Amino acid sequence: MGLIALLGLTACGAPAAQPTATTAPVPTATTEAAAVAPTATSASKPAGTFSITDGTGTTLSFAQAPAKIICLYKRCTEVLASLGVIPQALPASMAELAKDASYFSQPNQIVLLRETNDEIGFDLEELAALKPDLILGWEELRTSMNGIAQVYAVTNDMNSYQDSHAETRAFAALLGREAEAEAAIKGFLDRLEAYKQLSPKDRSVMYIFFYDDKVYYRDGDSATCALLNEVASCAWPDPAKASSWSVETSIEGLLALNPDMIIVDSYGLDAKTNDELRASVGKNPLWQELTAYKEQRLLLQPVGIHSMDGMGTVGAARLLDTYMPLLYPETFPQPLTEDAIKAGQ
C-alpha cells in the first residue's frame, strides 16, 4: 500500500488516488526528534511485556515502551495526540498538523519527511537515519525496515469513533499512557453527550467529494456518519452494500436524497470559499434545487479540519465544534464551551 492510499486511511472507501484535503506547504524542518519518555506506568512494567498487535495480526514486542515513533498516516496522529505523545516524524504533507496546538504541543521538533512518488512514498534512508523505535505505516515497509525498526501495519477497517477509542487504548497499553487515553476519551464523550442533549436532531448532513468528474458521498455506515448520526441525521444508503464508505452518485441522486447540509471536500475544486463553490456548482441549475444550496448550507470543508471522519478524540471533537453551529446556528451560535459541557453533566 503506497503513500496516497495510506494518507487517506481516515477517508475509508474514497478512491485510492484521492489525497487528503488537509495537506499543507512544507516548512523547514529540524532534524532533531522530540521523543516522549515513558510514564511511570510504563516504567513499572516488566521488560518484554510491551506489545501490540497490528492490523495484519502481527504482534510487535518491545523490551521497553517505544519513545521515538514515526507516524506515516493521518489516523495515527489522532492516536498519538490523544495520548499526549509527540511523533518523531510526520509526512511533509501533514505539516499543518505538526503546527496545530490542538494536536501537539508547540513549539515541537517534529521532523517533516520528504515524500516520493514510488510505491513506498518515502525516502527509506531518511527513515532509517532517524533510528526510530517504531514506525506506524504499512506492511510493505517491513522488509526495508528490517533491523532498523519494527513496523506497525495499519489496515483500513475502522468504522466508528468507538473503534477509534479501542485503537487508542491499545496504543496506550503499549506506551504506558492509559490514564491519558481515558482522560481524552472521557473528554470527547462528555462533549458528544452535551451536543446530543441539546441538538434538535431534525436536520440531515452529508459529506461529499468530487473525484474524476464524479460525485461521491459517505454512506450511513461510515465513521463520519456514525458520529453525525448521534447529533443529526446521516443515514445515507449504499444500494450496493459495498465495504467502501464511498457511494458514487449524481446531482439527480443528491436531489433524491436532498440533505439539509452538504459538506464538500475541497480536493479537486478550484473554489476556495463557499461563495466560489456555490458559483461553480450553481452553473448547473439542478444544484440550485438542493435544499442545502437554497439555505446556504452547501459548505466547503473549512481550513484546519484535519479529520472529517469522526474518529480520534481531537478530530472528532473538532468536527462537532465546527459543524454543529453551521447545522443548528439557532441552538449553537458558537461551539460548546467547557463550562457548558460541565453544566450538562
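What the table shows:
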quantity: Residue within the range 295-310 that is touching a Gly at 6+ places or on another chain (Cβ under 6 Å), modelled with pLDDT of 95 or more and either of a type outside the set (D, E, K, R) or not in a helix (DSSP H, G or I) (or both) present; calculated: no
quantity: Criterion: at pLDDT 90 or above and hydrophobic (A, V, I, L, M, F, W, C) - qualifying residue of L269, L255; calculated: L255
quantity: Candidates A232, A173 - the one that is buried (at least 17 other Cβ atoms within 10 Å of the Cβ) and in the same structural domain as V154 (by TED's automatic domain parsing); calculated: A173
quantity: Where A166 falls short, out of the listed (1) in a loop (DSSP other than H, G, I, E, B); (2) without any contact (Cβ under 8 Å) to a residue 40 or more places away in the chain; (3) hydrophobic (A, V, I, L, M, F, W, C); calculated: (1)
quantity: L299 being under 25 Å from W236 (Cα atoms) and not assigned by TED's automatic domain parsing to the domain that holds T168; calculated: yes
quantity: Filtered residues of the range 311-332 (kept if buried (at least 23 other Cβ atoms within 10 Å of the Cβ) and outside any helix (DSSP H, G or I)); calculated: M311, G312
quantity: Some residue of the range 329-340 being under 23 Å from the mean Cα position of the chain (by Cα) and touching a residue at least 60 places away in the same chain (Cβ under 8 Å); calculated: yes
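Each row is one residue, and each column tells you yes or no for (1) farther than 21 Å from A65 by Cβ; (2) over 18 Å from the mean Cα position of the chain (by Cα).
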position: A129; (1), (2): yes, yes
position: G147; (1), (2): no, yes
position: Q162; (1), (2): yes, no
position: E167; (1), (2): no, no
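The values are calculated or read from the model by the stated rules, or taken from the named source; none is laboratory data. Computed from a predicted structure; not experimentally measured. Methodologically, a virtual Cβ is constructed for each residue, glycine included, from the backbone with ideal geometry; neighbour enumeration extends over all protein chains shown.
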